[in-house]
Amino acid sequence: MFSSWCRNASALRNNTRNACSFFTDIVRIVEVGPRDGLQNIRKVLPTETKIELINRLSQTGLRSVEVTSFVSPKWVPQMADSAEVYQGVEKNPNVEYSVLVPNLKGLDKALKLGVKEVVLFTAASETFNQKNINCSIAESLKNCKEITKICKEKKIKARAVISCIAGCPYEGEIKPVNVANVAEALLDMGCYEVGLGDTIGVATPKKMAHLFEELKKMTGGDVWRFAVHCHDTYGQAIANIYECLRQGIRVFDSSVAGLGGCPYAPGASGNVSTEDLVYLLHGEGFETGVDLDKLIQVGQFISEQIPSTNHSKAGSAVLAKLNRQCN
């Protein structure tokens, strides 16, 4: 039985590489730890710690870092110092630094700081959208359209993320066609990329495959303008990412040390850890430009600063091995 399993696993790996042979072997990782990872931590971290985290991440070879969000500090106290954090970061010319903006007020703050890329968000669930940003999907898309219009005029890149692409804590399973409709609207209004967020981590590879069937109907088969944002609540993030690689996805959001969660999704754990994602990608022969050893040290740094458990399995394994060697 075990030998049969090994043959099947090997065949799947070969099929994945063959299916993706006409795509690039370069994968872009969007590090969302400084924003999505920290926003749910109860202890408000010092501004200097956040800046140091981002500066350290900037030296690992990552090319995209989501720095902070310009949301109301009343709702997300951890982001109250967003302007100070963005201004304090030592901008690496090889790194793109983005910020999340919920509305025109947030965009105005970002523009005053000279931000070059903003991230918009909505959901594929009406109830989640109401709980999260107090408006319907249609209203949130109208808001996104107003933001992207200004971004075009100012020559600023606009990226979008859709929450609850597989399931919602209030509505249950989400139909792929609902996700495709929202994604189509965001692409049509000018977002250069749309992230597909499994906010509560309920997706499985089969569900991801069904989702991409619907998305490919909408795009005519193209997936190059999509990214995937997996949470690991049910331990399915790496398996889902593997399926998404097979589907042709080459951009993934992740959070160093597996930090994260969602205040509107009770029980949802953090994003897939960047360390685990890099370990998978390098093992499968993909190029990321990321130095895994440096990244692991950053994950340990921020885990100690919070303090919290380091949720990266790859990071924890490497650090344990180093500790054994030292002892």
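Would you confirm whether any residue within region 31-41 is in a loop (DSSP other than H, G, I, E, B), open to solvent by 10 Å² or more (accessible area, probe 1.4 Å) and farther than 17 Å from residue 261 by Cα?
No, region 31-41 contains no residue that is in a loop (DSSP other than H, G, I, E, B), open to solvent by 10 Å² or more (accessible area, probe 1.4 Å) and farther than 17 Å from residue 261 by Cα.
What is the residue count in region 53-65 for residues that are in contact (Cβ under 8 Å) with a residue 60 or more places away in the chain and either open to solvent by 70 Å² or more (accessible area, probe 1.4 Å) or touching a strand residue (DSSP E or B) at 6+ places or on another chain (Cβ under 8 Å) (or both)?
The total comes to 5.
In region 214-226, is there at least one residue being of a type outside the set (Lys, Arg), in contact with a Ser or Thr (Cβ under 7 Å, 6 or more places away or on another chain) and either part of a helix (DSSP H, G or I) or open to solvent by less than 10 Å² (accessible area, probe 1.4 Å) (or both)?
Scanning region 214-226, I find no residue that is of a type outside the set (Lys, Arg), in contact with a Ser or Thr (Cβ under 7 Å, 6 or more places away or on another chain) and either part of a helix (DSSP H, G or I) or open to solvent by less than 10 Å² (accessible area, probe 1.4 Å) (or both), so the answer is no.
From the set of residues in region 233-254 that are surrounded by fewer than 21 Cβ atoms within 10 Å (Cβ to Cβ), at pLDDT 95 or above and out of contact with any Phe, Trp or Tyr (no Cβ under 8 Å at 6 or more places or on another chain), which is farthest from residue 276 (Cα to Cα)?
246
Looking only at region 104-152, which residues are among the aliphatic types (A, V, I, L, M), assigned to a helix (DSSP H, G or I) and surrounded by 15 or more Cβ atoms within 10 Å (Cβ to Cβ)?
107, 110, 111, 133, 137, 141, 147, 150 - these are the residues of region 104-152 that are among the aliphatic types (A, V, I, L, M), assigned to a helix (DSSP H, G or I) and surrounded by 15 or more Cβ atoms within 10 Å (Cβ to Cβ).
Which one of 177, 182 is touching a Ser or Thr at 6+ places or on another chain (Cβ under 8 Å) and closer than 13 Å to residue 215 by Cα?
Matching residue, one of 177, 182: 182.
Filter region 269-286 down to residues that are open to solvent by less than 20 Å² (accessible area, probe 1.4 Å) and at pLDDT below 95, then give me how many there are.
So the answer is 2.
Give me the pairs, please: first residue somewhere in region 303-327 and closer than 24 Å to residue 39 by Cβ, second residue anywhere and open to solvent by 40 Å² or more (accessible area, probe 1.4 Å), beta-carbon distance under 7 Å, and either six or more positions apart or on two chains.
Pairs found: 303/309; 306/43; 310/300; 310/316; 314/279; 315/300.
With the checklist (1) in contact (Cβ under 8 Å) with a residue 60 or more places away in the chain; (2) part of a loop (DSSP other than H, G, I, E, B); (3) over 16 Å from residue 302 (Cα atoms) in hand, flag the one item residue 98 doesn't pass.
Answer for residue 98: the failing condition is (2).
I want to confirm something. Restricting to region 153-165 and keeping residues that are open to solvent by 10 Å² or more (accessible area, probe 1.4 Å) and not in a strand (DSSP E or B), which single residue is farthest from residue 32 (Cα to Cα)?
153
Do you know which of the residues in region 198-228 that are touching an Asp or Glu at 6+ places or on another chain (Cβ under 7 Å) and not hydrophobic (A, V, I, L, M, F, W, C) is farthest from residue 248 (Cα to Cα)?
Only one residue fits best here, namely 201.
Which condition does residue 82 not pass, out of (1) under 24 Å from residue 133 (Cβ atoms); (2) polar (S, T, N, Q); (3) touching a residue at least 60 places away in the same chain (Cβ under 8 Å); (4) crowded, with 22+ Cβ neighbours inside 10 Å, if it passes all the others?
(3)
Looking for whichever is open to solvent by 50 Å² or more (accessible area, probe 1.4 Å), of a type in the set (Gly, Ala, Ser) and either closer than 17 Å to residue 30 by Cβ or part of a helix (DSSP H, G or I) (or both) here; the options are 197, 289. Which one fits?
Matching residue, one of 197, 289: 289.
Kindly indicate whether residue 163 is under 20 Å from residue 201 (Cα atoms), small (Gly, Ala, Ser) and touching a Gly at 6+ places or on another chain (Cβ under 8 Å).
yes
Given the structure, is residue 315 under 15 Å from residue 41 (Cβ atoms), part of a helix (DSSP H, G or I) and of a type outside the set (D, E, K, R)?
Spelling it out, it is not the case that residue 315 is under 15 Å from residue 41 (Cβ atoms), part of a helix (DSSP H, G or I) and of a type outside the set (D, E, K, R).
The values are calculated or read from the model by the stated rules, or taken from the named source; none is laboratory data. None of these values were measured; they are calculated from a predicted model. Please note: Cβ atoms are built from the backbone with ideal geometry, for glycine as well, and neighbour counts cover all protein chains shown. For accessibility, only protein heavy atoms count, side chains too; no ligands or nucleic acids. Shrake-Rupley method; radii C 1.70, N 1.55, O 1.52, S 1.80 Å.
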